[in-house]
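Q: Sending over a structure as structure tokens; questions will come in a sec.
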Amino acid sequence: MKSLVNHYGLDAFSINPIFDSSWTAGDLVAKCGGLSVGNGIYRIPTKAMATSFEEALGVGFPDIKGRYSVFGHDWLGRIFAHRIAGDGHPECILLFETGAGEVINIPATISQLHEVDLIQHRRDSLAYDFFEQWRRANHGIQIKISECAGYKKPLFLGGKDILENLEVIDVEVYTQINSQLRAKILRHQ
């Protein structure tokens, strides 16, 4: 976490974390909930937000419900969760791309994600270039921890992955809506 904070800088309304690499997702949320770095590019949710995300994701991704713990989210409303090894799956990070209706497995630990991936692989892990384009187009806006730049029309419903398809929206509402839409599509397949 120290590398992440040093690289991106804390946002004005964030706490200053002291991170222990042995922390679980629950520890991270309990001790750093409310942290935001890089003008809102990445955030640690509060406990209430993490619980809300887990409930919503359980609706939209029922096949893995309850097998992960949420610990982060980014500016696009994508949710990061830790999946503990078991059920034939290794420990990994799950990236719920709620606007795309997908979940991606990242072969990393919580510590590796924060100390390496979110910095060295920021173009992929945080859509960094798209974030910078969006901020420039929106006069340097800094989104709050409770917000995201969500897709007006989700990608899984034919929306385009372009700046004009993004709007600032409450991240919990965005997650709930997209999870419900995904669940409805799954029921009709």
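Q: Taking θ = phi - 60°, what integer Hz values does the Karplus form 6.51 cos²θ - 1.76 cosθ + 1.60 yield along region 43-51, in sequence order, with x for Gly and Pro?
A: Result, ordered by residue: 9, 9, x, 6, 4, 4, 5, 4, 5 Hz.
Q: Here is a further query. Please name whichever of LEU113, GLY86, ASN138 sits farthest to the positive end of the charge dipole of region 58-142, dipole taken about the Cα centre and charges placed at Cβ: Lys and Arg +1, Asp and Glu -1.
A: ASN138
Q: If each residue of separation counts as 0.36 nm, what is the full-extension length gain between ARG123 and ALA30 once their alpha-carbon separation is subtracted?
A: On the way: separation 93, 0.36 × 93 = 33.48 nm, distance 2.79 nm.
Extra length from ARG123 to ALA30 when fully extended: 30.7 nm.
Q: Residue-wise, which Karplus ³J(HN,Hα) couplings in Hz belong to region 55-68, taking 6.51 cos²θ - 1.76 cosθ + 1.60, θ = phi - 60°, and x for glycine or proline?
A: Coupling constants for region 55-68: 5, 5, 5, x, 6, x, 10, x, 5, 10, 4, x, 9, 8 Hz.
Q: Under a point spin-label approximation (7 Å from Cα along Cα-to-Cβ), what is the GLU132-ASP161 distance to one decimal in nm?
A: Taking the two extended label points, one gets 1.8 nm.
Q: Could you count how many Lys pairs in the chain have their Cα atoms under 30 Å apart, skipping same-chain pairs fewer than 8 positions apart?
A: 24
Q: When all C-alpha to C-alpha distances in the chain are sorted into bins of 10 Å, what percent of pairs does each bin hold, rounded to whole numbers?
A: 10, 40, 38, 12, 1
Q: Through the Karplus equation 6.51 cos²θ - 1.76 cosθ + 1.60, θ set to phi - 60°, convert the phi angles of region 151-159 into ³J(HN,Hα) values in whole Hz; use x for Gly and Pro.
A: 6, 4, 10, x, 4, 6, 10, x, x
Q: Give, rounded to the nearest 20 debye, the magnitude of the charge dipole that region 2-187 has about its Cα centre when Lys and Arg contribute +1 at Cβ and Asp and Glu contribute -1 at Cβ.
A: Working: 19 positive and 22 negative charges, 60 e Å.
It works out to roughly 280 debye.
Coordinate-derived values only; no laboratory data. Treat the numbers as computed from the prediction; the structure is a model and nothing was measured. Using ideal geometry, Cβ is built from the backbone for each residue, glycine included, and neighbour counts are taken over all protein chains shown.
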